[in-house]
Amino acid sequence: MADNFKLDLNHRPRRLRRTAALHAMVEETVLRPADLIAPLFVVDDKPVPEEIKSMPGVFRLNIADLVKECRAIHRLGVPAVALFPKLDPKLKDDDGTQALNEETLVLRAVRAVKKAVPELAVITDVALDPYTSHGHDGVLNAVRDDVENDRTVGILAKMAVMQARAGVDLVAPSDMMDGRVGAIREALDAAGFTGTGIMAYSVKYNSAYYGPFREAVGSAQAAGTRLLSKATYQMNPANRREAIREAQLDVAEGADIIMVKPAGAYLDIIREVRNATTKPVAAYQVSGEYSQIQAAARLGWLDLARTRHESLLAIKRAGADMILTYFAKEMAALLKA
Ligand code: PBG
């Protein structure tokens, strides 16, 4: 009986899955190198690249190697890099004062990259975590039990102007202080940098997936203690409506690009934000997303190439116009081939 079972169907979706040609004709989402942004870690005084233990294949680079890497990335059609400095711990203090030093590592790196590869867009983080001894994104209040919003915003606005002067195309406040996008826009305009854009980390969750990044930039000093919880400024992973409120506030304050972070576990949020604003939407496939794919691939439990591609495709399909990903270079090389 099962042998000659027949269905009388008008619709057989499998018809369009029969051949590669048909697949190509009905494909809805295509990844391009131009969709990708490469986050890169920069360090001083290291003759050779230092691999980040929890991020196999990702290295901290000195400025000369960073410039070479940027050239290679640009050649592959990736339009932008996001730079993150790893500071010598001796340079850190409670207020993150090195963030306002004209000769600080990231500003020297920006100047070198913009000089060597001016067509490549350069993005820098506006937040104090690489500079503070406690690893928080801002300065602490007098009793040291929270990050002080307004004083932090004052510092961030200065930091953004210095980054603009160094030549960045976009500043990216990742600190989640209230009102910082508006304050940064005002400070940039007042200093004459009306053309420098703001890629706002508008919807940034207090996520476990940032663990490997904190190893990479050395901001995990107080990890596991109450002090490093970023829950008083980063968003609760349980919240969806709040994401729309954060995005709307940043649009109103003058953000040019709205970011959602992390990406893979927040595809619903990417879609909601996509539908709620006409601004370009960025998504950050963060360090932990990269590391878990790498780890499973190393154990032989997942196929690296397929998982990498699928993870990025899903983020684009969810509504991201651009994706920050540690896979940017290798993915662009594959897409270009
Ligand atoms: C810090 C910052 C973080 C990331 C980007 N900027 C970490 C944090 O908030 O502690 C995370 C990126 C990643 O995990 O890849 N302002």
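The values are calculated or read from the model by the stated rules, or taken from the named source; none is laboratory data. Everything numeric in this text was worked out from a predicted model, so none of it was measured. No Cβ is skipped: glycine too gets one built from the backbone with ideal geometry, and neighbour counts run over all protein chains shown. The area values use the complete protein model at the heavy-atom level, side chains included, leaving out ligands, DNA and RNA. Shrake-Rupley method; radii C 1.70, N 1.55, O 1.52, S 1.80 Å.
Scanning the stretch 96-145 for residues that are closer than 22 Å to Arg214 by Cα, modelled with pLDDT under 95 and away from the ligand (no atom under 16 Å from the Cβ) gives Arg144, Asp145. Filtering the stretch 284-307 to residues that are away from the ligand (no atom under 12 Å from the Cβ) and crowded, with 20+ Cβ neighbours inside 10 Å leaves Ile293, Gln294. Scanning the stretch 107-124 for residues that are closer than 20 Å to Ala72 by Cβ, part of a helix (DSSP H, G or I) and open to solvent by less than 10 Å² (accessible area, probe 1.4 Å) yields Ala109, Val110, Val113. Residues of the stretch 300-337 that are small (Gly, Ala, Ser) and in contact with a Lys or Arg (Cβ under 7 Å, 6 or more places away or on another chain): Ala318, Gly319. The set of residues from the stretch 265-281 being surrounded by 16 or more Cβ atoms within 10 Å (Cβ to Cβ) and in contact with a Phe, Trp or Tyr (Cβ under 9 Å, 6 or more places away or on another chain) comprises Tyr266, Ile269.
For the stretch 271-315, a residue qualifies if it is in a helix (DSSP H, G or I), of a type in the set (Val, Ile, Thr) and under 27 Å from Leu249 (Cβ atoms), and the qualifying residues are Val273, Ile315.
Can you name the residue in the stretch 211-222 that is outside any loop (DSSP other than H, G, I, E, B) and open to solvent by 10 Å² or more (accessible area, probe 1.4 Å) and is also nearest to the ligand (Cβ to nearest atom) among such residues? The selected residue is Phe213. Looking at the stretch 308-329, can you tell me whether even one residue there is away from the ligand (no atom under 16 Å from the Cβ), open to solvent by 20 Å² or more (accessible area, probe 1.4 Å), without any contact (Cβ under 8 Å) to a residue 60 or more places away in the chain and touching a helix residue (DSSP H, G or I) at 6+ places or on another chain (Cβ under 9 Å)? Within the stretch 308-329, not a single residue is away from the ligand (no atom under 16 Å from the Cβ), open to solvent by 20 Å² or more (accessible area, probe 1.4 Å), without any contact (Cβ under 8 Å) to a residue 60 or more places away in the chain and touching a helix residue (DSSP H, G or I) at 6+ places or on another chain (Cβ under 9 Å).
Could you list, ordered by first residue, the pairs with Cβ atoms under 6 Å in which the first is in the stretch 286-300 and free of Cβ contacts under 8 Å to residues at least 60 places away in the same chain and the second is away from the ligand (no atom under 13 Å from the Cβ) and open to solvent by 10 Å² or more (accessible area, probe 1.4 Å), at least 6 apart or interchain? Pairs that qualify, where the first residue is free of Cβ contacts under 8 Å to residues at least 60 places away in the same chain and the partner is away from the ligand (no atom under 13 Å from the Cβ) and open to solvent by 10 Å² or more (accessible area, probe 1.4 Å), are Ile293/Thr307; Ala296/Leu302; Ala297/Leu304.
Residues in the stretch 137-174 that are among the polar types (S, T, N, Q), open to solvent by 10 Å² or more (accessible area, probe 1.4 Å) and not in a helix (DSSP H, G or I): Asn141 only. Within the stretch 177-210, the set of residues being assigned to a loop (DSSP other than H, G, I, E, B) and near the ligand (Cβ under 10 Å from one of its atoms) comprises Asn206, Ser207.
Asp93 meets the conditions (1) under 18 Å from the mean Cα position of the chain (by Cα); (2) within 19 Å of Ser219 (Cα to Cα); (3) not aliphatic (A, V, I, L, M) in every case but one. The failed one is (1). Summed over the stretch 249-263, the residues that are part of a helix (DSSP H, G or I), open to solvent by 10 Å² or more (accessible area, probe 1.4 Å) and within 16 Å of the ligand (Cβ to nearest atom) give a count of 0. Looking for something touching a Gly at 6+ places or on another chain (Cβ under 7 Å) and either of a type in the set (A, V, I, L, M) or surrounded by fewer than 23 Cβ atoms within 10 Å (Cβ to Cβ) (or both) - is there at least one such residue anywhere in the stretch 229-248? The answer is no, given that none of the residues of the stretch 229-248 is touching a Gly at 6+ places or on another chain (Cβ under 7 Å) and either of a type in the set (A, V, I, L, M) or surrounded by fewer than 23 Cβ atoms within 10 Å (Cβ to Cβ) (or both).
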